[in-house]
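Each reported figure results from applying straightforward, stated rules to the coordinates on display, with no laboratory input. Please read all numbers here as calculations on a predicted model, not as lab measurements. Reconstructed Cβ throughout: ideal geometry from the backbone, glycine too, with neighbour counts over all protein chains shown.
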Amino acid sequence: MNDLSIPVDDVAGDVSRIGAVLGIAGVGLEGGGVWAGQAHYLVADGDAAVVALEAAGISATSAPALVVPLRADVPGEMGRMMSALHDAGIRVEAQYSDHDNRKVFVVDDVERARTLLG
């Protein structure tokens, strides 16, 4: 899976356009959201998403994303996961949930993070 990162100014207008372009390209969104002027969406094919968006004049980047289950019934689980990443010196660029209640991490070392979080 890949994290698609897109700068946004007008959330409703920009996300409407992003959704339309990706829909036409057949790229489904598996999770994500918008915060601090940046949209992040989980997609299966990051390259296809970037090509479609850039053809429509929308700047976008794609990076590998780590998707792991979250034991939501365990209080403190998110803190434990983030502490493990922090203690290992892994930089977290973004974190959000997908549509299957899994956590998505955009990190500077996906393989090390995968080993830590399993």
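Below are the figures for this structure:
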{"read-out": "Which label in (i) 1.37; (ii) 1.09; (iii) 0.97 gives the computed Cα Rg over 2.2 N^0.38 Å", "value": "(ii)"}
{"read-out": "Approximate shape of region 2-64 as ellipsoid semi-axes (Cα gyration tensor, √5λ), whole Å, largest first", "value": "15, 13, 10"}
{"read-out": "Leading residue at positive end of dipole, the chain (Cβ point charges), from Ala20, Pro75, Gly46", "value": "Pro75"}
{"read-out": "Built amide H within the under 5 Å cut-off of Gln38, gap 5+", "value": "Val8"}
{"read-out": "Difference of contour (0.36 nm per residue) and Cα-Cα distance, Ala25 to Asp73", "value": "13.6 nm"}
{"read-out": "Taking Thr61, Thr115 and counting other C-beta atoms within 10 Å, the order from fewest to most", "value": "Thr115, Thr61"}
{"read-out": "FRET efficiency for Arg112 and Glu54, using Cβ-Cβ distance with R0 set to 30 Å, rounded to 0.05", "value": "0.50"}
{"read-out": "Two-site label geometry, Ala88 and Asn101: point separation in nm, points 7 Å out along Cα→Cβ", "value": "2.4"}
{"read-out": "Computed magnitude of the charge dipole of region 66-117 (debye, nearest 20; Cβ of K, R +1, Cβ of D, E -1)", "value": "80"}
{"read-out": "Rounded FRET efficiency, nearest 0.05, which uses the C-beta distance separating Asp9 from Thr61 and R0 of 22 Å", "value": "0.85"}
{"read-out": "Whole-Hz couplings from phi, Karplus 6.51/-1.76/1.60, listed for region 95-111; x for Gly and Pro", "value": "8, 7, 10, 9, 6, 10, 6, 9, 8, 10, 10, 9, 10, 7, 8, 4, 5"}
{"read-out": "Within a Gaussian network of the chain (alpha carbon springs, distance under 10 Å), most fluctuating of Arg91, Arg80, Arg102", "value": "Arg80"}
{"read-out": "Values of log10 I(q)/I(0), in the order q = 0.18, 0.25, 0.26 Å⁻¹, for region 66-117 under a Debye, Cα-only, solvent-free model", "value": "-0.51, -0.99, -1.07"}
